[in-house]
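Here's the structure we're looking at; comments come further down.
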Amino acid sequence: MITTRLRTLLVFPLAAALVAAAVGLPAAQTFDGEPDPQPASADLAIVGGLLIDGHEGPPLPGAVVLVEGDRIVAVGSRDELTVPDGAEVVDARGMTILPGLIDAHVHLDILGHSDYQHWHGRYRDGRYAEIMAVSTRQLLMSGVTTVVDLAGQPDALGEIKARIESGELAGPRIVASMGWITNWSDGQVARHHRRSHTVNVRTVDEARAAARTAIAQGAGIVKVHTGLTEAQLGAIREEADAAGIRITGHVGNRDDLLMRIRAGQDGIEHLGLGAGRGPAIAPDVLQGLVDEGTYVIPTLIQTAIQGRAVEWPDWRDNPRARALTPPDIWADIRRSIENPRRFGYFGGALRVRRIDEMGAKLRQLHDAGVRLLVGTDSGTPLNFHTDATWQEMDLMVSYGLSPMEVLAMATRRNAEYLGRGGELGTVTRGKLADLIVVDGNPLLSMRDLRHVVTVVKDGRVYTP
Ligand SMILES: [Zn+2]
């Protein structure tokens, strides 16, 4: 952002005036605020990195970020800010400082195992919290400081949230849907691996009650699945509005999608978009998404993984996920993926280059002005929490989106979607101190996000 870069020149008023003249603006209009004042004290200082602050302006070289308690108290350059005595210093020279990443679609109760029925059969009874302690650690150590869990078991989520918030466990901030709401046949519910936390409804009153229950359990978002009627969605919408939270979820066919856009479903998960397979999204769908400001969470990586895992089996022994998974659970995951072709979703991914079709849809949505976010479906088969987020972002760039915009989707725009833009998503004075330091520069290569060397969440420092 021009304003941040110019701020560094504030200590040299003449230089600032010259820069303002060079960009053709009166000096007084080139600044949208005063530089952050020097605080007398700070607990933590991140010093010397290139700052990409989430606002999508030019990055700030030689940045200093000062943190006190759980808050950012000053952001500026080394010319403007000094490190108060007693502050812990994180040396970020040669590296990049970013807001903590936000993943808008994860599953904390799964770790990449490829047989859902086996996995949930093994862990459904009282063991989900054990799994979530692993997935949350994997995510935080990968630079993800806030996650949206869509369809986890409420008791386990409540327990893990409390343990993270108390500082007992290292993990991201969790916004959870607390199960999901469906309108399925009895047989469909009985067969589904998430049947223990599927709330199936048949009437408008039941839909309203299901939303109220999830919210009472602490839901920060409502997840809906297929089969719901417009009236049922309307009741859920009213409850979500009363709680000030979003509704997101899957959609069925094109008519269902158009109905959900009309009914005010905020987020559409995955890129099916009611269009079936094929590279193009119908014009009425695009127009509806734009007119209603509906968000789309493409989850490209989930599809990309399915094809790659079959073609290149080494992918299955991801060393980063292995290192952060208890050995017995990792052995179970490895066994499940020895023969991925036995699972329909892997075979289907190979038959056509579905990922390229999705890339084309991504560009179509982007160019039409649809609001896109970064979410990964991490935890699904071979889609490991340790790598899903940077891989999704890398795919978005490979299909033509700019790195700066994709970084904003994974930070500021996700925070705004969650109604948390006032305290998360950018490196700004007064916001919660969620930051990462990356060895490299994701504007040059999104893959550098693999090399997270420091994670700060709520002002607390973690070294992956
Ligand atoms: Zn999902």
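The values are calculated or read from the model by the stated rules, or taken from the named source; none is laboratory data. Remember, it's a predicted structure, so these values are computed and weren't measured experimentally. Here Cβ is always computed from backbone atoms with ideal geometry, including for glycine, and neighbour counts include all displayed protein chains. The area values use the complete protein model at the heavy-atom level, side chains included, leaving out ligands, DNA and RNA. Shrake-Rupley method; radii C 1.70, N 1.55, O 1.52, S 1.80 Å.
The table for this structure:
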{"quantity": "Derived scalar couplings ³J(HN,Hα) [the stretch 364-374; Karplus, 6.51 cos²θ - 1.76 cosθ + 1.60; whole Hz; x for Gly, Pro]", "calculated": "4, 4, 4, 5, 7, x, 6, 6, 10, 10, 9"}
{"quantity": "Assigned charges on the beta-carbon of Lys, Arg, Asp, Glu; the chain dipole about Cα centre (debye)", "calculated": "1160 debye"}
{"quantity": "Among beta bridges that DSSP assigns inside the chain, antiparallel share in %, nearest 5", "calculated": "45 percent"}
{"quantity": "Alpha carbon Rg of the stretch 125-254, scaled by the compact-globule rule 2.2 N^0.38 Å", "calculated": "1.08"}
{"quantity": "Rounded to 10°, Cα long-axis angle of helix 388-398 versus longest principal axis of the chain", "calculated": "80 degrees"}
{"quantity": "Angle between the chain longest axis and helix 230-243 axis [Cα atoms, degrees, rounded to 10]", "calculated": "40 degrees"}
{"quantity": "Percent carbon-and-sulfur accessible area, the stretch 58-147, ignoring ligands, DNA and RNA, probe 1.4 Å", "calculated": "46 percent"}
{"quantity": "Reachable aspartates and glutamates, given that their alpha-carbon falls under 15 Å from the alpha-carbon of LYS361 and they are not under 8 places away in the same chain", "calculated": "GLU269, ASP284, GLU392"}
{"quantity": "Amide proton proximity set for GLU68, modelled H, under 5 Å, gap of 5+", "calculated": "ASP43, VAL73"}
{"quantity": "q = 0.08, 0.09, 0.11, 0.13 Å⁻¹: log10 I(q)/I(0) that the Debye formula gives for the chain, counting C-alpha atoms only", "calculated": "-0.47, -0.60, -0.89, -1.21"}
{"quantity": "Sequence-distant lysines (8 or more away, or on other chains) whose Cα lies within less than 25 Å of LYS457", "calculated": "LYS161, LYS431"}
{"quantity": "Enclosed volume per residue, in Å³, of the convex hull spanned by Cα atoms of the stretch 142-187", "calculated": "88 Å³"}
{"quantity": "Local net charge near THR426, Cβ-Cβ under 12 Å (Lys/Arg +1, Asp/Glu -1)", "calculated": "0"}
{"quantity": "Protection proxy ranking, peptides 225-233, 97-105, average beta carbon neighbours within 10 Å, highest first", "calculated": "97-105, 225-233"}
{"quantity": "For peptides 313-323, 257-267, sequence by mean Cβ density within 10 Å, most packed first", "calculated": "257-267, 313-323"}
{"quantity": "Long-range HN-HN contacts of VAL90 with modeled amide H, under 5 Å", "calculated": "ALA45, ILE46, VAL47"}
{"quantity": "Per residue accessible area in Å² of the chain, where ligands, DNA and RNA are left out and the probe is 1.4 Å", "calculated": "38 Å²"}
{"quantity": "³J(HN,Hα) computed for each position of the stretch 256-271 - Karplus, 6.51 cos²θ - 1.76 cosθ + 1.60, integer Hz, glycine/proline x", "calculated": "4, 4, 5, 5, 5, 4, 4, 6, x, 5, 6, x, 10, 8, 6, 9"}
{"quantity": "Residue-count net charge about GLY267 - beta-carbon cut-off 11 Å; Lys, Arg +1, Asp, Glu -1", "calculated": "+2"}
{"quantity": "Ranked by how many other beta carbons lie within 10 Å on average, peptides 89-95, 130-136 from highest", "calculated": "130-136, 89-95"}
{"quantity": "Descending semi-axes in Å of the stretch 248-319, equivalent ellipsoid built from Cα gyration tensor", "calculated": "30, 13, 9"}
